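Scroll down for the structure; my scribbles are underneath it.
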Amino acid sequence: MAIKLWAAAFCVVFLSFKSNGQFAIKGSVRDSLGKPIRYATVSIVNSGNVVKAYALTNNTGYFSITLADSLRKADLTLHFSSLGYKKKSVAVLPDRSVYDIILSADTRSLAPVTIKGERIPIKIRGDTITYNAKAFSTPNDRVLEDILKKMPGIRVDDNGKISYNGKPITNLYLDGDNLLDDKYAIGTKNIPNKTVDKVQVLDNHQPINALVGKVYSNQVDINIIFRDSAKTKPLSQAALGAGLPGNYDGMLNAMLFKSNYKAINYIKANNIGFDLSAEVNSFNLDDKLKNIDVLPPDALLSVSDVSKPSLPVYRYLFNNNAMVNLNNLVTLSKDVKLKLNLYYLHDRQQQNFQSSTTTYLPGDTIRYTERQSNRLQPDLLHAGIDLNVNKKTYYINNNFNADINKQNVTSQLSTNGIAESQGLNSKVQNFSNDFNYIGSRKDQIFELYSYINYIRQPQTLTINPGPDSGFFNNGVPYTGLLQSVNTPSFFTNNYITFGFAKLKFQQLYKIGFSTADQDLTSGLVKTLADGILQPAVDSAVNDLNWRRYREYFEGEYNWITEKLKVTVRLPFSFQQIKYSDSSYNYQNALSGLIFNPAINLKVSNGAEDSWGFSYRNITEFGNINDVYAGNILVNFRSLYSNSGALPKSNSNVFGFNYNFRRALKLMFLNLNATYTIKNANTISTTILNDNFEQRIILPFQNRTNSFNSGLSFSKFLFGVQTTLNARIGWQFDQTNNIINNALLGYSNYITSANLSTDSKLTDRIFFKYYAAYTYIESIQKSGQPVAGSYQHLNQLNEKWELNLGAAKNLNLKLTGEFYYNQQILSNYTRYFFADAAVQYKLVRQKIDLEASILNMGNVNDFDITSVSSYAITSSSYKIQGRIAMLKVLFNF
Amino acid sequence: MVKLLKNLKIDVKQKLCLFIFCFLGYTVCAQQKPDTAIAVITYAFSHMRDTTNPGKLYTENMHLYLGRRSSVYKTGDKELSDSLAAESFKASGGKSINIKSFTRTQIFMYPDPHQLLVFDRILYDKYLMEDEWPVIDWKITNETRKISQLNCQKAIGAWRGRTYEAWFCADLPFHAGPWKLNGLPGLIVEAVDTRQQVSFKFAGYRTLNDGKVIIKLPGKNEAKPATVQDFNKAREAIRKNPGIMTSASGGRFTPITGPSAKSLDSYNNPLELTKP
């Protein structure tokens, strides 16, 4: 500022001295009312119409132009112009230096002129966020997922699920084509990142052309734009890896990303713990089925109810799997697409674990131990065919899916020291058809939807020799038990929607019906020593027929303003449930009206703050698995049955959240809390004896509360180039349990704290740290006191990751993982895993080499303790030991 | 926990300051009434962003909307894109269309109070910043040239580290020009920097008599006030560490397989070589 002043002063002095070599023209420009015209152009033009000097009038309409002496004798003209006024020209007279000019108003607009120039021929798309793939790629990246993980706002979970700003994406488009639906991990885990040019996030994406600009969509999709070189010819890759001890990992793929033909086809096989079924996860299936009120029956039988270890899958999975996966999409004509998705997966898995559970009861403590060695053989076959017509005026989609999932398990079991062998066979057959028609005219929308689903899932469980002869066979040893069960189910949901869409207010009315027709047939038989088959218990069979019919009418209202967004949903339904079992001679029917309103409110408190409130009322009914009266042996230790009363619950859910952002400071803060009050008419009761557990659902007024809250904070620290994330969470729930006829009330508390940092130390060195601490408490609040009335557990998990770009095409990666689990002071476990990988690229030969060692410390067992209300479970798992691998990847 | 609480306290203070700041900021901005655009000039903008790769130029069509009291300079490709948006993606079924990033920055200039406002965004967050009014000391030359049908004259002036040779048309009574260039006795129709690294070539001019295009600053709810310095700092951090916002907004650890992206396409040669 000071310098400027000095410069100005200097100029003034300098100019005044030079004034003898120059002359000035001054004056003012005013309008016909005498008001000064500001910022008018005053230019001095010579006879050749060349501007020699100019000035702009100031706030008071004055101007001053200094001219070189050499122009004193030139033939000059003063031009006065300003928008909205007629131009004026005045000749410069040698003896006149002051020109006060009046311009008359010109109310005409500019004379229409169009002058064409050359434009840069480019085409760009609308208001989407586009990421340049190259900017996020490093030499070590192989597939699309590797670069997606680094893109701001995009999160990829360990299982491959993608979210954008916390919202799960619906589809992954490949150059506009939806080849994979919600099984998009096929794409993200296989498409080479080098073929990708751009990644676009389509927020509020309305994929149905007929609804574009009519119905607000909060769907998020991702679209992949391929490089030109990838769009013309088929791409192929082959990878071969071999390692010790006896490990392999192989892959061969062929992909095509032409505008009228998209394909991802591959064969893969490995035995290093990479579960290929993770690539064919349907990420949105559960939500979709929930939305259309279809509840596929759970698989009832299992060989064990021990949960999986809390480690990444590849650390504990002993597999031997192979998959063929074919995905092809053809554009038949403009807007008409046909696609075919097929896969077959075969695996042979080995599991070895042991577990012991201590249950504290009033005056008694029961301990179960089990040791299992299992061989699992899943076979998954899937076929899907989809025809899609997506025009501006209407939309048709028909999708047919067939799935056959076979699973054979043989299990060597030792339970409380008694050796058993188990066999579990299941074969799920699932066929569904999904039809959707949408038509639109101006601001009106019409939709027709139909979903049909048929599922069969026969299962058999055999246990030899017969367990707990005291319970099943009056203390006489017997050969074995055979439990068989099948739940053929037919679901359908059909509705019509009418909508009226205005910019700020939208109304949607839906009317339809849904049905569920199910049968549950089961039988539990024992084989006696002499080979004779007999029912194993008194009520050993089920022949249950279940039918639920629902008619519904729903109004949805969206009111959107700049500060406020309100959504109100008012669903009314009339429901009829009938179920009967002839073998128990019982029949039950109930019908009634259900009203489950939901309201959502979001208030923007300035551009970077918002808070939201939500309320939902949920009425839930039990399903067929809650009403069977005959006994079902769901696993070797548990026998389940029901009293015949249909569980019904009503919940009130209150939610609150607050978002605070200072994006410019790269600071984010989020607070959320949910409180649920649930009133149920039944309770699950458990009867435990030394070897066996029975569960029965009984009528009981059962009220429970739960609360869940979290505060997360993140900030980028400019000085140290580090992103810092921190989160604390607290949750509470209250449960009631009836165990061996004693009613016990418990309160469970979980407190957690997470911290992570992500630093860029130099252009080539990156470091990440993550720590998570959890404290779990379970306290008995009511009922007769039991021995373990207070349980607690400390868990700590830390991860380190160092990436080192040693040379241009050489990269080194070191990771460490630490797990700490402490139940009581003396009972704790500690594990440390270290992995290392070196990657080298032969750029010209298009070959990538990788040498890696997983689990360098050769940790072979993983022990962990978990607590629940009244029980402590300690488990020990056999896990993958040290694996050294050499891998070569060829690109053609 | 204590740390977090401390942070919260600071936030409250910051909020208060920001609130006052917002209020002040908007009283300034609020003075600028919407203005009807009466003409639009299009420039073919090209920029050598990376001097190590001089063959690769960033190109984009830019529009300068001209009103009686104001002007706004922004991308011309986005508008084209909007018209194509509905068609291209769904209708063409993802036919290979070239996708090219475009400038999101908009420069609003109000000559009367000498006010220059920059509207820009970082990902989804939009900001409005006041920048220094460019007072350019133009040297007018005698050189004239016809560009398309426009009679133009050359002037030379410097702004923020580059010297521009500008061609203005005295017949078009505007003082505006591409980007921040302004202040000549006629519309600047073309401008090229003397290093030949930045150029704004004439690509069309058209009067607008329908009053449909309004030059209007983004509203309070659309853009937050910010300073150019803060904005540039945040943008630079994101440019250098493309991954930072992932974890910053997600709050979850995602193990990565290699170093986070090294950097974007090299950008060593910005438009403004010197800072204000």
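The values are calculated or read from the model by the stated rules, or taken from the named source; none is laboratory data. Quick caveat: nothing in here was measured; it's all calculated off a predicted structure. Neighbour counts run over all protein chains shown; Cβ positions are idealised from the backbone, glycine included.
The rows are residues; the columns are (1) β-branched (Val, Ile, Thr); (2) under 27 Å from A:Ser875 (Cβ atoms); (3) part of a strand (DSSP E or B).
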| position | (1), (2), (3) |
| --- | --- |
| A:Ser310 | no, yes, no |
| A:Met323 | no, no, yes |
| A:Thr331 | yes, no, yes |
| A:Leu338 | no, no, yes |
| A:Leu342 | no, no, yes |
*asked:* Checking A:Val280 against (1) away from chain B (no Cβ under 14 Å); (2) under 21 Å from A:Asp861 (Cβ atoms), only one condition comes out false. Which one?
replied: (2)
*Counting only residues that are within 12 Å of another protein chain (Cβ to nearest Cβ), give me the helices (runs of 4 or more DSSP H) lying completely in the range A:132-241 with at least 2 of them.*
A:144-148, A:228-232
*What are the residues in the range A:549-579 that are crowded, with 16+ Cβ neighbours inside 10 Å and free of Cβ contacts under 8 Å to residues at least 60 places away in the same chain, if any?*
A:Tyr552, A:Glu554, A:Glu556, A:Lys565, A:Thr567, A:Arg569, A:Ser573, A:Gln575
*Would you call A:Phe505 farther than 30 Å from A:Asn405 by Cα and either in contact with a strand residue (DSSP E or B) (Cβ under 6 Å, 6 or more places away or on another chain) or free of Cβ contacts under 8 Å to residues at least 12 places away in the same chain (or both)?*
yes
_Counted residues, the range A:838-847 - those being part of a strand (DSSP E or B), farther than 21 Å from A:Tyr314 by Cα and of a type in the set (Val, Ile, Thr)_ = 1
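Of the residues A:Leu664, A:Leu669, A:Leu711, only one is under 30 Å from B:Asn232 (Cα atoms) and either assigned to a helix (DSSP H, G or I) or in contact (Cβ under 8 Å) with a residue 60 or more places away in the chain (or both); which? Spell out how you get there, then give the answer.
Values: A:Leu669 fails: either assigned to a helix (DSSP H, G or I) or in contact (Cβ under 8 Å) with a residue 60 or more places away in the chain (or both); A:Leu711 fails: either assigned to a helix (DSSP H, G or I) or in contact (Cβ under 8 Å) with a residue 60 or more places away in the chain (or both).
Of A:Leu664, A:Leu669, A:Leu711, the one residue that is under 30 Å from B:Asn232 (Cα atoms) and either assigned to a helix (DSSP H, G or I) or in contact (Cβ under 8 Å) with a residue 60 or more places away in the chain (or both) is A:Leu664.
May I ask you to say which residue of B:Asp125, B:Asp171, B:Asp131, B:Asp137 is out of contact with any Cys (no Cβ under 6 Å at 6 or more places or on another chain), acidic (Asp, Glu) and at the interface with chain A (Cβ under 8 Å from one of its Cβ atoms)? Walk me through how you get there before you give the answer.
On the way: B:Asp171 fails: at the interface with chain A (Cβ under 8 Å from one of its Cβ atoms); B:Asp131 fails: at the interface with chain A (Cβ under 8 Å from one of its Cβ atoms); B:Asp137 fails: at the interface with chain A (Cβ under 8 Å from one of its Cβ atoms).
From the options B:Asp125, B:Asp171, B:Asp131, B:Asp137, the qualifying one is B:Asp125.
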*Can you name the residue in the range A:41-51 that is under 19 Å from B:Leu187 (Cβ atoms) and more than 7 Å from chain B (Cβ to nearest Cβ) and is also modelled with the lowest pLDDT among such residues?*
A:Asn49
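Within the range A:489-496, can one find any residue that is farther than 30 Å from A:Trp559 by Cα, touching a residue at least 12 places away in the same chain (Cβ under 8 Å) and in a loop (DSSP other than H, G, I, E, B)? Working first, answer last.
In the first step, residues of the range A:489-496 are kept if they are farther than 30 Å from A:Trp559 by Cα; the result is A:489-492.
Narrowing further to those that are touching a residue at least 12 places away in the same chain (Cβ under 8 Å): A:489-492.
After this cut, where a residue has to be in a loop (DSSP other than H, G, I, E, B) as well, the list is none.
Within the range A:489-496, none of the residues are farther than 30 Å from A:Trp559 by Cα, touching a residue at least 12 places away in the same chain (Cβ under 8 Å) and in a loop (DSSP other than H, G, I, E, B).
Being aliphatic (A, V, I, L, M), more than 30 Å from A:Pro488 (Cβ to Cβ) and modelled with pLDDT of 95 or more narrows it down to one of A:Ala269, A:Ala230, so name that one.
A:Ala269
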*For the range B:140-153, name all the residues that are within 28 Å of the chain's Cα centre (by Cα), within 10 Å of chain A (Cβ to nearest Cβ) and part of a strand (DSSP E or B).*
B:Ile140, B:Ile147, B:Leu150, B:Asn151, B:Gln153
*Looking at the range A:695-722, which of the residues that are crowded, with 18+ Cβ neighbours inside 10 Å and polar (S, T, N, Q) is farthest from A:Phe660 (Cα to Cα)?*
A:Asn702
*Since A:Ala68 meets every condition but one in (1) more than 60 Å from the chain's Cα centre (by Cα); (2) surrounded by 20 or more Cβ atoms within 10 Å (Cβ to Cβ), which condition does it not meet?*
(2)
*asked:* So, in the range A:798-812, exactly how many residues are surrounded by 15 or more Cβ atoms within 10 Å (Cβ to Cβ) and closer than 19 Å to A:Ile847 by Cα?
replied: 5
*Top-ranked residue of the range A:771-788 - restricted to ones that are surrounded by fewer than 17 Cβ atoms within 10 Å (Cβ to Cβ) and over 24 Å from the mean Cα position of the chain (by Cα), ranked as nearest to A:Ala836 (Cα to Cα)*: A:Tyr775
*Within the range A:55-109, which residues are part of a strand (DSSP E or B) and β-branched (Val, Ile, Thr)?*
A:Ile65, A:Thr66, A:Thr77, A:Val90, A:Val98, A:Ile101, A:Ile102
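Among A:Thr829, A:Thr757, A:Thr815, A:Thr751, which is at pLDDT 85 or above and in contact with a Ser or Thr (Cβ under 6 Å, 6 or more places away or on another chain)? Talk me through it step by step, then tell me what you get.
Working: A:Thr829 fails: in contact with a Ser or Thr (Cβ under 6 Å, 6 or more places away or on another chain); A:Thr815 fails: in contact with a Ser or Thr (Cβ under 6 Å, 6 or more places away or on another chain); A:Thr751 fails: in contact with a Ser or Thr (Cβ under 6 Å, 6 or more places away or on another chain).
After ruling out the rest, the residue left standing is A:Thr757.
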*asked:* Every residue in the range A:1-40 that is among the small types (Gly, Ala, Ser), modelled with pLDDT under 85 and under 28 Å from B:Ser70 (Cα atoms), please.
replied: A:Ala8
*asked:* Against the conditions (1) of a type in the set (Ser, Thr, Tyr); (2) within 10 Å of another protein chain (Cβ to nearest Cβ); (3) surrounded by 18 or more Cβ atoms within 10 Å (Cβ to Cβ), where does B:Tyr164 fall short? Just the number, please.
replied: (2)
*Kindly check whether there is at least one residue in the range A:615-627 that is in contact (Cβ under 8 Å) with a residue 12 or more places away in the chain, farther than 30 Å from A:Lys578 by Cβ, buried (at least 18 other Cβ atoms within 10 Å of the Cβ) and not hydrophobic (A, V, I, L, M, F, W, C).*
no
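State the number of residues belonging to the range A:823-872 that are small (Gly, Ala, Ser) and within 26 Å of A:Ser747 (Cα to Cα). Let's see the steps before the verdict.
Narrowing the range A:823-872 to residues small (Gly, Ala, Ser): A:826, A:834, A:836-837, A:851-852, A:857, A:866, A:868-869, A:871.
If we keep only those that are within 26 Å of A:Ser747 (Cα to Cα) too, we end up with A:826, A:866, A:868-869, A:871.
Going through the range A:823-872 one residue at a time, the tally reaches 5.
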